[in-house]
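The values are calculated or read from the model by the stated rules, or taken from the named source; none is laboratory data. Small disclaimer: the values here were computed from a predicted structure and weren't measured. Note: ideal-geometry Cβ built from the backbone for every residue, glycine included; neighbour counts use all protein chains shown.
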Amino acid sequence: MKKKEVKLANNKIYKTITKNMTLGEVLKLSPKTQNVFIGFGMHCFSCPLSQMETLEEASYVHQIDLDLLLQKLNEAIKK
């Protein structure tokens with residue numbers, strides 16, 4: 001299956017969700033990823049930090065397994 005390319009407002013093109021993306025970028029990429037964040041106990045969609053905090057930083061703060069979070073987010077955008 002061919003990976004989806006998405007161009008975000010910052011002109012970056014992503015084929016997959018990476019640890020360096022912000023929560024805001026991921027939500028813009030696919031709003032259905034919100035359910036993944038909720039499943040991990042992350043309810044910070046309206047928080048101003050969601051526009052600046054990377055997934056790596058957020059997973060550290062929330063004590064979440066980053067690899068598992070990335071796996072679930074990437075599975076969600078493929079559906």
| query | Hey, among the residues in the stretch 24-45 that are touching a residue at least 24 places away in the same chain (Cβ under 8 Å) and farther than 13 Å from residue 66 by Cα, which one's nearest to the chain's Cα centre (by Cα)? | reply | 26
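Could you grab me the full set of residues in the stretch 37-53 that are outside any loop (DSSP other than H, G, I, E, B) and buried (at least 16 other Cβ atoms within 10 Å of the Cβ)? If you could, list the steps in order and put the result at the bottom.
Taking the stretch 37-53 as the starting set, the residues that turn out to be outside any loop (DSSP other than H, G, I, E, B) are 37-39, 48-51.
Selection gives 37, 50.
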| Do you know which of the residues in the stretch 54-64 that are more than 11 Å from the chain's Cα centre (by Cα) and touching a residue at least 12 places away in the same chain (Cβ under 8 Å) is surrounded by the most Cβ atoms within 10 Å (Cβ to Cβ)? | 64
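Starting from residues that are under 13 Å from residue 20 (Cβ atoms) and assigned to a helix (DSSP H, G or I), keep the ones in the stretch 54-68 and report whichever is modelled with the lowest pLDDT. So that I can check it myself, show each step before the final result.
Initially, the stretch 54-68 is screened for residues under 13 Å from residue 20 (Cβ atoms), giving 54-59, 66.
Of the ones still in play, those that are also assigned to a helix (DSSP H, G or I) are 55-59, 66.
Numbers: 55: 95, 56: 96, 57: 95, 58: 92, 59: 95, 66: 98.
So the residue we want is 58.
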